[in-house]
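Undergrad: Below you'll find the structure I mean.
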Amino acid sequence: MDTDNRDANRVLARKLTWAAVLMFGFGFALWPLYTVFCNITGINGKTGRVSEQEIQTMGLDPNRVVTVHFDGTVNSRLPWQFKPNQFSMEVHPGQLYEASYHARNRGQDVIVGNAVPSLAPSEAALYFNKTECFCFTAQKLEAGEEKDMPLRFIIDPSLPAEIHEVTLSYTFFKNDEQSQQAHQHQTAGQPGNG
Amino acid sequence: MSSVAHAEGHDHKPEGFLNRWLFTTNHKDIGTLYLVFSLTMFIIGGAMAMVIRAELFMPGMQLVDPAFFNQMTTMHALIMVFGAVMPAFVGLANWMIPMMIGAPDMALPRMNNWSFWILPFAFTMLLSTLFMDGGAPAAGWTLYPPLVLQGGNSFAFAIFAVHLLGISSIMGAINIIATILNLRAPGMNLLNMPLFVWTWLITAFLLIAVMPVLAGGVTMLLTDKFFGTSFFNAAGGGDPVMYQHIFWFFGHPEVYIMILPAFGVVSEILPTFSRKPLFGYTSMVYASASIAFLSFIVWSHHMFTVGMPLGGELFFMYATMVIAVPTGVKIFNWVATMWKGAMTFETPMLFAIGFVIMFTIGGFSGLMLAIAPADFQYHDTYFVVAHFHYVLVTGAVFAIMAGVYYWLPKWTGHMYDERLGKIHFWWSTIAVNVLFFPQHFLGLAGMPRRIPDYSLQFAEFNMISSIGGFAFGLAQIFFVYIVWKTVKGGQPAEARAWEGAKGLEWTVPSPAPHHTFETPPEIKPDMIAHPSNAH
Ligand code: HEM
Ligand SMILES: [Cu+2]
């Protein structure tokens, strides 16, 4: 191999290595890219959040009725009972409604959980907004404690006309970090109660 | 940097076992190392397949516990994909590409040494997880979270192994590109290159584009498990389906990484034994390139059931079907190459024809899977297992075997035993169809994949499939014997071992001397297969 070749090889190898490094970065970039894409299109079923002011501008559509079904599950690692208090509601787009879920901690310990919403069909997710929801923050339940968890939602009147029914589903997951903190906090606060 | 120069003009090999093999920078020795390594992994991965088929021989749980069964399916796939098929093609590339383009060696010989020697370490690490607490990864070769994160801490070793494999493949790919672009002998223009060189050039670009993406994906798995990130953890705001998108962005091009070099091998062999030039050389090049391009926009056909919107289902369905067009071009070109040729049926030719027919069967089942509404029924059943084993075993593996029989005389200087080769071919072909064809029926009837037990109505087909499996396994032990016998001796091979063979590799003696084309050959039109394409 002459020196010409050797230099050319080295230059090319360097370029190709850079290409590989870039693609490694691209692998990570796919995460935010997919997330942005999903948020814009709503295809991951994630519902939106609006303020009380914003909903003033949505016009009410009293002639249209959309049925909202409610569904709730818990991840297997979370010893909670969790179910909707109403199985379905008939709603008018543009009007604010309140619904609630009921949760009970069947475990022996204080546990913190997070609820992740999902809406089907996913095309409707962009038009399903909440002003308030237990899924906005982590929820703490003492051992044996139970409580109702409210949410307030509004469907945007520009919801595509062919959609008459939507299903709102929540999955509750255990929040390991905060559960542990809550547990430590408790045992530290009540010495001798160990 | 003058150390390379001393060997100029001699045919001496480095002395001593370590010098010869561990420190080698010679493309032929490294090619041999890759091929031997791949064969070893093929046997190990094959043994795991035998465990799987033995457990599935009858309904009920007989031999292994379900956790171990799942480790077997996962490890079998990882080893066959990354340990057997990919290194075999890199081995063929190392041996043949420099000789095919008239280059003295690979462009970056030291890196070549590294890219091979990483592999044994990577696979030792991967295999050692079998003996660790919690066992080997057991969630399937696709490593889907959250399931894969629920195993033991040995997971970290599996991930590092995947990282190493990725690094090795990327280095191999860089080397191949540099060799092809920089070291062609004068007169060997891009459109004079043998098709095997072309398909490898394209494959190498695919490798550089997607192996790093896999590395990124599994790194996110690693941090999710050990460092509290939530890329794929729904509880923390992540999304497990996201992993599937990242994986298949790698995964679908990966299946073409495993098949494009196979296309190349078959495109070398069919013209030789048909004694006609390859039909449609340029269209073959363009077809390979378009397959590579399209492979980036079809990944979600592996995810039709995750709940995509209708538009997505339609897009990925049609995009997938479009791939059948360039693939069809290739298949028609191969058939046209054989058409009215003076064909003879030596073992490499048998494997190549077997490839064309059976790969096409796999392509058709792929098309059936590409129909989104139908895939809801077939997904995660044995139908998918049948599909990818037709394209990978009777496709990629058959092409590798065809290539080994074809070039073995060049490597060893001996002809293999033709009678034994033909027995191996027919034995393998019958066995592999007994093994995989019934799996189509199992899948259509609804038998799920990756399950150690099944309901009674699947019993007969599973037993037939297992019998085919054992027979196929045995045939490959026979293959090892044939290769061994050829290395040890046999009828001496001529430089042009096959009288219809074209290409520079047949102008050097058999066995090929340790160093070839130290000075670039003077290329005459009758030496190469595609002299007239350069303008
Ligand atoms: C005409 C060409 C092809 C088409 C249309 C096609 C289509 C598909 C589809 C739709 C699936 C997903 C099935 C499911 O999971 O429900 C699939 C799976 C698969 N295909 Fe293909 N395919 C083609 C060629 C190939 C080739 C050439 C290879 C490899 C050499 C290959 C390897 C695989 C593998 C390994 C899987 C299963 C991956 C897994 O889930 O573990 N396919 N194919
Ligand atoms: Cu695919």
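Undergrad: For the structure I just gave you, tell me whether B:Ala319 is in contact with a Leu (Cβ under 6 Å, 6 or more places away or on another chain), modelled with pLDDT of 95 or more and either within 11 Å of ligand 1 (Cβ to nearest atom) or hydrophobic (A, V, I, L, M, F, W, C) (or both).
TA: No; evaluated as a whole, the condition is false for this residue.
Undergrad: Being away from ligand 2 (no atom under 16 Å from the Cβ) and either within 14 Å of chain A (Cβ to nearest Cβ) or open to solvent by 30 Å² or more (accessible area, probe 1.4 Å) (or both), is that true of even one residue in the stretch B:312-320?
TA: The answer is yes, given that some residue of the stretch B:312-320 is away from ligand 2 (no atom under 16 Å from the Cβ) and either within 14 Å of chain A (Cβ to nearest Cβ) or open to solvent by 30 Å² or more (accessible area, probe 1.4 Å) (or both).
Undergrad: Check B:Val81 against each of (1) open to solvent by 40 Å² or more (accessible area, probe 1.4 Å); (2) in contact with an Asp or Glu (Cβ under 9 Å, 6 or more places away or on another chain); (3) in a helix (DSSP H, G or I) and name the one condition it does not meet.
TA: The one condition B:Val81 does not meet is (1).
Undergrad: If the Cβ limit is 8 Å and pairs must be 6+ apart or interchain, which residue in the stretch B:478-495 that is in contact (Cβ under 8 Å) with a residue 24 or more places away in the chain and farther than 20 Å from B:Trp506 by Cβ pairs with which residue that is of a type outside the set (Ser, Thr, Tyr) and open to solvent by 100 Å² or more (accessible area, probe 1.4 Å)?
TA: Short answer, once both residue conditions are applied: none.
Undergrad: Out of A:Asn75, A:Asn5, A:Asn39, report the one residue that is within 14 Å of chain B (Cβ to nearest Cβ) and in contact with a Leu (Cβ under 8 Å, 6 or more places away or on another chain).
TA: Answer to the check: A:Asn5.
Undergrad: Which condition breaks for B:Val213 when tested against (1) open to solvent by less than 10 Å² (accessible area, probe 1.4 Å); (2) within 16 Å of ligand 2 (Cβ to nearest atom); (3) farther than 22 Å from B:Ile177 by Cα; (4) at the interface with chain A (Cβ under 9 Å from one of its Cβ atoms)?
TA: (3)
Undergrad: Separate question: State all residues of the stretch A:84-109 that are part of a strand (DSSP E or B) and open to solvent by 30 Å² or more (accessible area, probe 1.4 Å); if no residue qualifies, say none.
TA: Matches in the stretch A:84-109: A:Ser88, A:Met89, A:Glu90, A:Leu96, A:Tyr97, A:Glu98, A:His102, A:Arg104.
Undergrad: Sticking with this one: What do you reckon, is B:Val285 within 16 Å of ligand 2 (Cβ to nearest atom), under 22 Å from the mean Cα position of the chain (by Cα) and in a helix (DSSP H, G or I)?
TA: The answer is no for B:Val285.
Undergrad: Looking at (1) assigned to a helix (DSSP H, G or I); (2) open to solvent by 10 Å² or more (accessible area, probe 1.4 Å); (3) more than 8 Å from chain A (Cβ to nearest Cβ), which is the only condition B:Gly264 fails?
TA: Of (1) assigned to a helix (DSSP H, G or I); (2) open to solvent by 10 Å² or more (accessible area, probe 1.4 Å); (3) more than 8 Å from chain A (Cβ to nearest Cβ), only one is false for B:Gly264: (2).
Undergrad: Name every residue in the stretch B:295-311 that is surrounded by fewer than 18 Cβ atoms within 10 Å (Cβ to Cβ), within 12 Å of another protein chain (Cβ to nearest Cβ) and away from ligand 2 (no atom under 12 Å from the Cβ), in order of residue number.
TA: Step one: of the stretch B:295-311, the residues surrounded by fewer than 18 Cβ atoms within 10 Å (Cβ to Cβ) are B:296-297, B:305-307, B:309-311.
Within this subset, residues satisfying the condition of being within 12 Å of another protein chain (Cβ to nearest Cβ) are B:296, B:306-307, B:309-311.
If the condition is that a residue be surrounded by fewer than 18 Cβ atoms within 10 Å (Cβ to Cβ), within 12 Å of another protein chain (Cβ to nearest Cβ) and away from ligand 2 (no atom under 12 Å from the Cβ), then B:Val306, B:Gly307, B:Pro309, B:Leu310, B:Gly311 are the ones that fit.
Undergrad: Take A:Thr167 and tell me if it is among the β-branched types (Val, Ile, Thr), crowded, with 18+ Cβ neighbours inside 10 Å and part of a strand (DSSP E or B).
TA: Judged against the criteria, A:Thr167 is not a match.
Undergrad: Let me ask something else about it. When the residues of the stretch B:334-360 are narrowed to those that are more than 12 Å from B:Thr272 (Cα to Cα) and over 22 Å from the mean Cα position of the chain (by Cα), which ends up farthest from ligand 1 (Cβ to nearest atom)?
TA: In this case the residue turns out to be B:Lys340.
Undergrad: Additional query: Among the numbered criteria (1) closer than 17 Å to B:Pro492 by Cα; (2) of a type outside the set (A, V, I, L, M, F, W, C); (3) crowded, with 24+ Cβ neighbours inside 10 Å, which one does B:Thr412 miss?
TA: Here B:Thr412 clears every test but (3).
Undergrad: Inside the stretch B:344-396, can you point out the residues that are within 30 Å of B:Val306 (Cα to Cα), away from ligand 2 (no atom under 16 Å from the Cβ) and aromatic (Phe, Trp, Tyr)?
TA: B:Phe376, B:Tyr382
Undergrad: Oh, and also: Looking at B:Ser169, B:Ser230, which one is under 28 Å from B:Gly363 (Cα atoms), within 13 Å of chain A (Cβ to nearest Cβ) and among the polar types (S, T, N, Q)?
TA: B:Ser169 is the lone residue from the list that is under 28 Å from B:Gly363 (Cα atoms), within 13 Å of chain A (Cβ to nearest Cβ) and among the polar types (S, T, N, Q).
Undergrad: Another question, then. With the structure loaded, tell me whether B:Met99 is touching an Asp or Glu at 6+ places or on another chain (Cβ under 7 Å), more than 14 Å from chain A (Cβ to nearest Cβ) and either under 23 Å from B:Val404 (Cβ atoms) or open to solvent by 10 Å² or more (accessible area, probe 1.4 Å) (or both) or whether it fails that test.
TA: Yes.
Undergrad: What number of residues in the stretch A:25-78 are open to solvent by 40 Å² or more (accessible area, probe 1.4 Å), within 15 Å of A:Ser158 (Cα to Cα) and among the aliphatic types (A, V, I, L, M)?
TA: So the count comes out to 2.
Undergrad: Determine, yes or no, whether A:Val112 is in a strand (DSSP E or B), closer than 30 Å to A:His185 by Cα and touching a residue at least 12 places away in the same chain (Cβ under 8 Å).
TA: Details: in a strand (DSSP E or B): yes; closer than 30 Å to A:His185 by Cα: yes; touching a residue at least 12 places away in the same chain (Cβ under 8 Å): yes.
Taking the combined requirement at face value, the residue satisfies it.
Undergrad: To continue, here is another question. Can you find a residue that is assigned to a helix (DSSP H, G or I), within 14 Å of another protein chain (Cβ to nearest Cβ) and either among the β-branched types (Val, Ile, Thr) or surrounded by fewer than 24 Cβ atoms within 10 Å (Cβ to Cβ) (or both) anywhere in the stretch B:127-147?
TA: yes
Undergrad: Let me ask another. Given (1) within 14 Å of chain A (Cβ to nearest Cβ); (2) assigned to a helix (DSSP H, G or I); (3) buried (at least 18 other Cβ atoms within 10 Å of the Cβ), where does B:Ala292 come up short, assuming only one miss?
TA: Checking B:Ala292 against (1) within 14 Å of chain A (Cβ to nearest Cβ); (2) assigned to a helix (DSSP H, G or I); (3) buried (at least 18 other Cβ atoms within 10 Å of the Cβ), the one that fails is (1).
Undergrad: Out of B:Leu278, B:Leu270, which single residue is outside any helix (DSSP H, G or I), among the aliphatic types (A, V, I, L, M) and within 20 Å of B:Met338 (Cα to Cα)?
TA: Working: B:Leu270 fails: outside any helix (DSSP H, G or I).
None of the other options fit; the residue is B:Leu278.
Undergrad: State which residue is farthest from the other protein chains (Cβ to nearest Cβ) when the search covers only the stretch A:134-159 and only residues that are under 23 Å from A:Gln56 (Cβ atoms) and crowded, with 19+ Cβ neighbours inside 10 Å.
TA: Residue satisfying both the conditions and the ranking: A:Ile154.
The values are calculated or read from the model by the stated rules, or taken from the named source; none is laboratory data. These numbers come from a predicted model, not from an experiment. Ideal geometry is used to build each Cβ from the backbone, glycine not excepted, and the neighbour counts take in all protein chains shown. The protein model used for the area step is the full one, side chains on, heavy atoms only, and it has no ligands, DNA or RNA in it. Shrake-Rupley method; radii C 1.70, N 1.55, O 1.52, S 1.80 Å.
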